[in-house]
Amino acid sequence: MVILLIKYLTIIPARKNSKRVKRKNIILINKKELITYTFKHAIGSNQKDNIIVSTDDEKIISLAKKHNLQFLIRPKKLSGSNATTESVIEHTLQSKFGKKYYTKVKNIILLQPTSPLRTIKNIILAKSQFEKKRYDSLFSGYSSKKFIWNKHKKLKSLSYDYKNRKRTQDMKDLIFENGAIFIFNTKGFYKFKNRLFGKIGFFEMEERQSLDLDTKQDFNLLNKIIN
């Protein structure tokens, strides 16, 4: 019997509790729950049968059902703030496809609910780039020239030498992950237990699309952008 590989499986991790903003994944944005924006992006870029929502939130389960999406109830040990996204991905894959999940799923698209400004087109183009360049893994982000400092025991300039300040046009672009899209092959994930490995690609998005919602200030900014 020939076993058909799922070329792309989309995983949407969405736990109930969050540290900074309570129940942020279901906060209403333009009268729609935040996570439904990611549902739309996932459905527009992949087959519904190949999308799984991992959650411990009854409301999100209800929304997944409403959109005819598969869901997996996340165990308590993977629902706290100390659980890594990688552990959730592995739990999802093993629960649905067994320990040798890499024989049934070729690639993973990871879409986090906190990036509502990404588009379906972004994901489709990222997939195309992933395939064309034959990357093992890929992340989305934006490039920018910024004067970045770090504060530990004392201030330290990281992206430039403050004693020899350059014009911005003479500075090299810095790449910032935006958390909107990750794509990686399952064989590599099985080996490294990490979403990024091997030949890593960068899919560039606009900075205005790169808002990753984590604080109340982020939500206030989002409302200003979309209203």
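No lab work stands behind these numbers, since they all come straight from the coordinates. Note that the structure is a prediction, hence the values are computed from the model and not measured. We place every Cβ from the backbone using ideal geometry, glycine too, and count neighbours over all the protein chains shown.
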* Asked: Any idea which of (1) surrounded by 15 or more Cβ atoms within 10 Å (Cβ to Cβ); (2) closer than 25 Å to Asn178 by Cβ is the one Lys121 doesn't satisfy?
  -> (1)
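Confirm whether Gln129 is farther than 28 Å from Lys24 by Cα, within 17 Å of the chain's Cα centre (by Cα) and part of a helix (DSSP H, G or I).
Against the criterion (farther than 28 Å from Lys24 by Cα, within 17 Å of the chain's Cα centre (by Cα) and part of a helix (DSSP H, G or I)), Gln129 qualifies.
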* Asked: In this structure, is Leu174 surrounded by 14 or more Cβ atoms within 10 Å (Cβ to Cβ), out of contact with any Cys (no Cβ under 6 Å at 6 or more places or on another chain) and either closer than 21 Å to Ile12 by Cα or among the hydroxyl-bearing types (Ser, Thr, Tyr) (or both)?
  -> no
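How about region 146-227: which strands (runs of 3 or more DSSP E) wholly inside it have at least 1 residues that are among the basic types (Lys, Arg)?
The strands (runs of 3 or more DSSP E) meeting that bar are 149-151, 155-157.
List the strands (runs of 3 or more DSSP E) inside region 2-110, counting only whole elements, that have at least 3 residues being over 17 Å from the mean Cα position of the chain (by Cα). Working first, answer last.
Numbers: elements: 6-14, 51-55, 70-73, 105-110.
In region 2-110, 70-73 are the strands (runs of 3 or more DSSP E) which contain 3 or more residues that are over 17 Å from the mean Cα position of the chain (by Cα).
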